[in-house]
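Notes follow the structure.
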Amino acid sequence: MHSRRIGDVEVSAIGLGAMPMSIEGRPDEERSLATIHAALDAGVTLIDTADAYHRDADEVGHNETLIAKALASHDRGGDVLVATKGGHLRPGDGSWTLDGSPRHLKAACEESLRRLGVDAIGLYQFHRPAPRVPYAESVGAIRDLLDEGKIRRAGISNANPEQIRQAQEILGGRLVSVQNQFSPAFRSSEPELRLCDELGIAFLPWSPLGGISKAGELGSGHAPFARIAEARGVSPQRVCLAWMLAKSPVVVPIPGASRPETIRDSLAATDLTLTAEELAELDAA
């Protein structure tokens with residue numbers, strides 16, 4: 001498995017996005033555990049989660065609890081950087097709400113610590129800006145958690161360039177990651193990716209396969225991914241992740257998975273090197 005860096009730690013070049021294992025349509029626990037273990041067996045050392053990755057109102061942190069169980073039952077569980085997030089909530093009716101108040105973020109971090117069974121969270125990220133709370137106050141809470149040793153590394157998610165620069169300043173240069181949506185169908189985070197490349201901050205694309213989740217459902221706008229995949233004898237998903245990895249050494253995709261075979265295929269993208277001509281075609285797709 002190839003590796004990349006998030007702050008001072010080396011992680012697998014592709015991580016596991018665990019959200020699909022806890023929200024609507026999730027698999028049974030046995031399959032979820034098998035998926036996480038398959039990722040670990042293949043060399044994954046980064047798993048992304050959040051306290052809001054759950055389905056029902058009475059199971060906040062379902063995904064964190066699931067990950068803790070999977071890591072505890074695998075001999076490589078201790079090698080994994082678990083990245084979790086706070087500031088997003090799910091009331092249980094399918095909606096998503098926001099609370100970026102320092103009080104909530106600090107309480108949420110304590111609960112994440114308990115569910116993950118750790119003394120300090122490897123990477124804690126502010127999940128999404130909350131319009132009613134000044135961004136500086138929310139990031140200030142993350143800074144406090146970092147200073148107190150509750151978290152080892154700090155990140156932000158769903159941020160624009162101005163917020164990235166502001167967070168970097170508030171954190172005293174200790175911002176290590178930005179997690180934004182980015183996929184063939186959603187490329188509006190290109191400015192944030194470029195800024196992260198400039199600053200040496202890890203860029204974690206969430207839902208990286210969002211536009212080409214199934215080869216048979218490729219839209220005409222993404223036909224080059226399918227064409228190159230067919231020519232290479234691999235899946236379009238693998239081509240997509242290889243394309244992302246080629247954009248910058250700071251990119252660490254976190255494709256979601258709920259089946260062992262899915263994450264194995266995604267991880268194989270680290271061994272797929274696309275030509276300059278192929279990359280140019282995909283950039284223009």
Could you do me a favour and compute the accessible area per residue for the range 1-61, 1.4 Å probe, result in Å²?
38
Ordering I14, I23 by accessible area with a probe of 1.4 Å, largest first, what comes out?
I23, I14
With Kirkwood's inverse mean 1/r over C-alpha pairs for Rh, give me the Rg to Rh ratio of the chain, two decimals please.
0.95
Summing -39500 (n - 2.57) over every DSSP H run of at least 4 residues in the chain and dividing by its residue count gives a helix-only mean residue ellipticity at 222 nm, to the nearest 500 deg cm²/dmol, of -12000 deg cm²/dmol
Compute the FRET efficiency between E148 and D41 as 1/(1 + (r/R0)^6), taking r as their Cβ-Cβ distance and R0 = 35 Å, and round to the nearest 0.05.
0.50
How many lysine pairs are close in the chain, with Cα atoms under 19 Å apart and the two 8 or more places apart or on different chains?
4
What's the carbon and sulfur percent of the chain's accessible surface, probe 1.4 angstrom, rounded to a whole number?
48
Ratio of the Cα radius of gyration of the range 1-54 to 2.2 N^0.38 Å, where N counts its residues
1.23
How big is the shadow of the Cα convex hull of the range 17-129, averaged over all directions, in nm²?
6.7
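Report the gain in length on full extension from R55 to S3: 0.36 nm times residue separation, minus Cα-Cα distance, nm rounded to one decimal. Walk me through the numbers on the way to the answer.
On the way: separation 52, 0.36 × 52 = 18.72 nm, distance 3.24 nm.
Separation in residues times 0.36 nm, less the Cα-Cα distance, equals 15.5 nm.
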Using only the alpha-carbon atoms, how far is helix 29-41 inclined from the longest principal axis of the chain? Give it as 0 to 90 degrees, nearest 10.
70
The range 8-81: GluC sites (Glu not before Pro) in DSSP loop, at most 10 other beta carbons within 10 Å:
E24
A chain fully extended from R259 to E230 at 0.36 nm per residue, minus the present Cα-Cα distance, gains in nm 8.2 nm
Taking H as built 1.01 Å from N, whose amide H comes closer than 5 Å to the amide H of S3, not counting residues under 5 places away?
A13
Taking Cα atoms, how many degrees apart are the long axis of helix 223-232 and the longest axis of the chain, rounded to 10 and kept between 0 and 90?
70
Residue separation between E30 and D197 times 0.36 nm, minus their alpha-carbon distance, gives in nm 56.3 nm
Output the direction-averaged projected area (hull surface divided by four) of the convex hull of the alpha-carbon atoms of the range 152-277, in nm².
8.4
Go ahead and run the numbers for FRET between A276 and E169, Cβ-Cβ distance against an R0 of 30 Å, rounding to 0.05.
0.25
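Need one word for the range 58-210: rounded, prolate or oblate. Basis is the Cα gyration tensor (sqrt eigenvalues a ≥ b ≥ c); a/c below 1.5 gives rounded, then a/b vs b/c decides.
It comes out rounded by the Cα gyration axes.
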Using alpha carbons only: equivalent-ellipsoid semi-axes of the range 237-285, gyration tensor based, whole Å
21, 11, 9
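The values are calculated or read from the model by the stated rules, or taken from the named source; none is laboratory data. Computed from a prediction, not measured in an experiment: that's the story for all the values here. Every residue, glycine as well, gets a Cβ built from its backbone with ideal geometry; the counts of neighbours run over all protein chains shown. Side chains are part of the model used for accessible areas, which takes the heavy atoms of the whole protein and leaves out ligands, DNA and RNA. Shrake-Rupley method; radii C 1.70, N 1.55, O 1.52, S 1.80 Å.
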